[in-house]
Amino acid sequence: MAAHELSSTRRHVLGAAAAFPILALTGFPAPARGTVPKRGLSPSASPARVLWNRRLARYSRIHARWKTEAESGAFRAANDEYNRARADLIVRFGSWEKALRSRTGKPLCTAAFAKVDAAEDAFYDRFTAPLNRTLIQLVETPSPNLSALFAKIELIHEHRLDSDDNMRRTPIEVLRDDARRLQKE
């Protein structure tokens, strides 16, 4: 893909450190890296649990479509095509930079990048933006039990959800409120 690998930032490290006391009080979740948490589903029929289950199911459906598209859909095909075109141009001109400086290579580089750029924009509009909206809605939904709270923590970590992500409250505030409410129950 055209994006760089994400790295830990001070904000993410501090966010994880701030979440640690909540985890210490409630127990640590089992690792579920790269998966949609299933254990957040709650069998009870209370209104809070019904809402949580409905939003978690919606998130799971949208996440599955997002993942499928990223791994094998038009977005993946556009990235593969871009990587092939880039490799061909590097072989032909000696490097990507030399191709960009060349009168014949620059239009080819521009065209290759324009295709993958358009695919990334379409992928974001059709898959990533709906996933982010659904994720934020789920995270802002009160956790009906500890399993849901653990699932929420895993999702925040997996998606590196931050206070900049159009949330009304920061993830740590949401988790703190859930932990306080669950402690009272």
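The values are calculated or read from the model by the stated rules, or taken from the named source; none is laboratory data. In this text, all values refer to a predicted model and were calculated from it rather than measured experimentally. Every residue, glycine as well, gets a Cβ built from its backbone with ideal geometry; the counts of neighbours run over all protein chains shown.
Structure notes:
- Residue in the range 16-39 that is modelled with pLDDT of 95 or more, outside any helix (DSSP H, G or I) and among the hydroxyl-bearing types (Ser, Thr, Tyr) present: no
- Of the helices (runs of 4 or more DSSP H) lying entirely inside the range 82-185, those carrying at least 2 residues that are within 30 Å of residue 50 (Cα to Cα) and touching a His at 6+ places or on another chain (Cβ under 8 Å) are 129-140.
Residues are listed down the side, and each one gets a yes or a no for (1) without any contact (Cβ under 8 Å) to a residue 12 or more places away in the chain; (2) hydroxyl-bearing (Ser, Thr, Tyr); (3) touching a Leu at 6+ places or on another chain (Cβ under 8 Å):
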| site | (1), (2), (3) |
| --- | --- |
| 61 | yes, no, no |
| 69 | no, no, no |
| 74 | no, no, no |
| 90 | yes, no, no |
| 102 | yes, yes, no |
| 115 | no, no, no |
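- Whichever residue in the range 67-80 is touching a helix residue (DSSP H, G or I) at 6+ places or on another chain (Cβ under 7 Å) and surrounded by fewer than 16 Cβ atoms within 10 Å (Cβ to Cβ) and, among such residues, is farthest from residue 132 (Cα to Cα): 74
- Considered as a group, the residues in the range 119-154 that are in contact with a helix residue (DSSP H, G or I) (Cβ under 8 Å, 6 or more places away or on another chain) and hydroxyl-bearing (Ser, Thr, Tyr) include one that is surrounded by the most Cβ atoms within 10 Å (Cβ to Cβ), and that residue is 143.
- Taking the conditions (1) surrounded by 13 or more Cβ atoms within 10 Å (Cβ to Cβ); (2) at pLDDT below 95; (3) touching a Leu at 6+ places or on another chain (Cβ under 9 Å) in turn, residue 108 satisfies each one other than (2).
- Set 185, 173, 158, 120: member being at pLDDT 95 or above and not basic (Lys, Arg): 120
- So residue 113, is it surrounded by 19 or more Cβ atoms within 10 Å (Cβ to Cβ) and of a type in the set (Phe, Trp, Tyr): no
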